[in-house]
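The structure appears below as structure tokens.
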Amino acid sequence: HTVFDLSEAKAILKKARRIAVGDCPCRFEHHNCDAPIDVCLSLDEQADTSISHGGNNREVTLDEALAILKRSHEAGLVHMAYVAKGEERPKILCSCCGCCCNTLSPMIEKGTFDLILTSKQIAENDHDKCTVCGICVDRCIFRARRLIDGELAYDAKKCMGCGVCVSTCPTGAISMVPRRAKK
């Protein structure tokens, strides 16, 4: 499982020849939050299959898919994809929450997500710009950010590079940088 920030997810969509959208089965089943449901994107052959099976799956244009992605990001959802061995690109791009997702929820609860998920990027803080407003703490479903005695505590090992903290930081104190290889 790979976590992508918004720019990486957009790049994946731009390479797809066909895109379909359908309801997130996890949020549809669990209803633990009010995040958007119609956000699961299928690409290429998977889109062909999703559309042919009917239901609420429908083809969307690239612009529509990018708007769905932006809406998901603004809702604080994490863009995740499952890339099969031997495949270059994912065929399904999910926008997951930490309370409904059948994959992500148990990993967050047990603290094992960093053993299973991968990402190419990680958040980096500029402490001089940070006003310790706490918005990033509320947005981080991986619990990499906490407020302790009025100070921001950031555990980079828990950051999965989703970037939902970056877009809502009012001072621009957070940016995405390439993840360094683990030693």
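Observations on the structure shown:
- Close pairs from the stretch 106-122: first more than 20 Å from ILE174 (Cβ to Cβ), partner surrounded by 12 or more Cβ atoms within 10 Å (Cβ to Cβ) and of a type in the set (Phe, Trp, Tyr), Cβ under 6 Å, at least 6 apart: MET107/PHE113
- The residues of the stretch 141-168 that are closer than 24 Å to THR2 by Cβ and without any contact (Cβ under 8 Å) to a residue 24 or more places away in the chain, listed by number, are ALA144, ARG145, ASP155.
- Candidates in the stretch 33-56 are the residues that are within 23 Å of GLU74 (Cβ to Cβ) and assigned to a loop (DSSP other than H, G, I, E, B); of these, the one that is most open to solvent (accessible area, probe 1.4 Å) is ASP34.
- Residues located in the stretch 30-68, provided they are charged (D, E, K, R) and at negative phi: ASP34, ASP38, GLU45, ASP48, ARG58, GLU59, ASP63, GLU64
- When ARG89 is tested against (1) in contact with a Gly (Cβ under 8 Å, 6 or more places away or on another chain); (2) open to solvent by 20 Å² or more (accessible area, probe 1.4 Å), exactly one condition is not met: (1).
- Of the residues ASP126, ASP138, the single one that is free of Cβ contacts under 8 Å to residues at least 12 places away in the same chain and either within 25 Å of LYS10 (Cβ to Cβ) or surrounded by 14 or more Cβ atoms within 10 Å (Cβ to Cβ) (or both) is ASP138.
- Residue match in the stretch 1-21 (condition: touching a strand residue (DSSP E or B) at 6+ places or on another chain (Cβ under 6 Å), among the polar types (S, T, N, Q) and either under 20 Å from MET160 (Cβ atoms) or surrounded by 19 or more Cβ atoms within 10 Å (Cβ to Cβ) (or both)): yes
- On the stretch given as the stretch 57-75, residues that are in a loop (DSSP other than H, G, I, E, B) and either out of contact with any helix residue (DSSP H, G or I) (no Cβ under 8 Å at 6 or more places or on another chain) or modelled with pLDDT of 95 or more (or both) total 2.
- Restricting THR131, THR103, THR118, THR171 to those that are surrounded by fewer than 17 Cβ atoms within 10 Å (Cβ to Cβ), within 14 Å of THR2 (Cα to Cα) and out of contact with any helix residue (DSSP H, G or I) (no Cβ under 9 Å at 6 or more places or on another chain) reduces the list to THR118.
The values are calculated or read from the model by the stated rules, or taken from the named source; none is laboratory data. Since the structure is predicted, the reported quantities are computational estimates derived from the model, not experimental observations. Reconstructed Cβ throughout: ideal geometry from the backbone, glycine too, with neighbour counts over all protein chains shown. In case anyone asks, the SASA skips ligands and DNA or RNA and just uses the protein heavy atoms, side chains included. Shrake-Rupley method; radii C 1.70, N 1.55, O 1.52, S 1.80 Å.
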